[in-house]
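Worksheet for the structure shown next.
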Amino acid sequence: MFSGGEPLAQSGLAEAIKATRRIGFRIALHTGGAYPQRLAEVLPLVDWVGFDIKAPFAAYSRITTVVRSGDRALASARLLIGSGVAHEFRTTVHPSQHDAPELERLAERLAAMGVRNYVLQEFRATGCGDAALVEYLPASFLTEPWCAGIASKFDAFAVRRA
């Protein structure tokens, strides 16, 4: 598994994946899609991708603090969906950074793009270096009835509780 931070930031990722595959391992990649060209390079080499969707693409910079980061994530998402590689899209939800209507719009967009497997993950404070996120954690709005509405848009849907 290639994970932690953003593996696609590493210029040698493709070679590392090839070396790992040569010794018989299957390859999983966790990414936020910040490097679409590198994703295109490694997609033929991987068996599964976990894709972290931070927010609706137009609102990405609010979460990432990187201008136009949503454009790169969108390009990567399209590459992944069109690749035929098994994948899961997931969004980590912090109630002060996301609201229910925004996530409903995001789910609609992902479903329209062809995403079939979507997961919402409740924010976990463990390991988070942003004190403001840890100190202010409102109650989750990921109730069963609300999640059922999101689930209806996908072939597979889950909520990972904190």
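The values are calculated or read from the model by the stated rules, or taken from the named source; none is laboratory data. Remember, it's a predicted structure, so these values are computed and weren't measured experimentally. No Cβ is skipped: glycine too gets one built from the backbone with ideal geometry, and neighbour counts run over all protein chains shown.
Numerical summary
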quantity: The listed residue being within 19 Å of SER3 (Cα to Cα) and in a helix (DSSP H, G or I), out of ALA73, ALA58; calculated: ALA73
quantity: Residues (charged (D, E, K, R) and part of a helix (DSSP H, G or I)) located in segment 1-45; calculated: GLU15, LYS18, ARG21, ARG22, ARG38, GLU41
quantity: Any hit, segment 107-119, residues being surrounded by 10 or more Cβ atoms within 10 Å (Cβ to Cβ), at pLDDT below 95 and not in a loop (DSSP other than H, G, I, E, B); calculated: no
quantity: Residue among ALA100, ALA86 that alone is within 22 Å of PRO145 (Cβ to Cβ) and surrounded by fewer than 17 Cβ atoms within 10 Å (Cβ to Cβ); calculated: ALA100
quantity: Sole residue being under 21 Å from LEU80 (Cα atoms) and touching a residue at least 12 places away in the same chain (Cβ under 8 Å), chosen from ALA125, ALA112, ALA107, ALA100; calculated: ALA107
quantity: Filter pass, ARG78 being surrounded by fewer than 16 Cβ atoms within 10 Å (Cβ to Cβ), under 13 Å from the mean Cα position of the chain (by Cα) and free of Cβ contacts under 8 Å to residues at least 60 places away in the same chain; calculated: yes
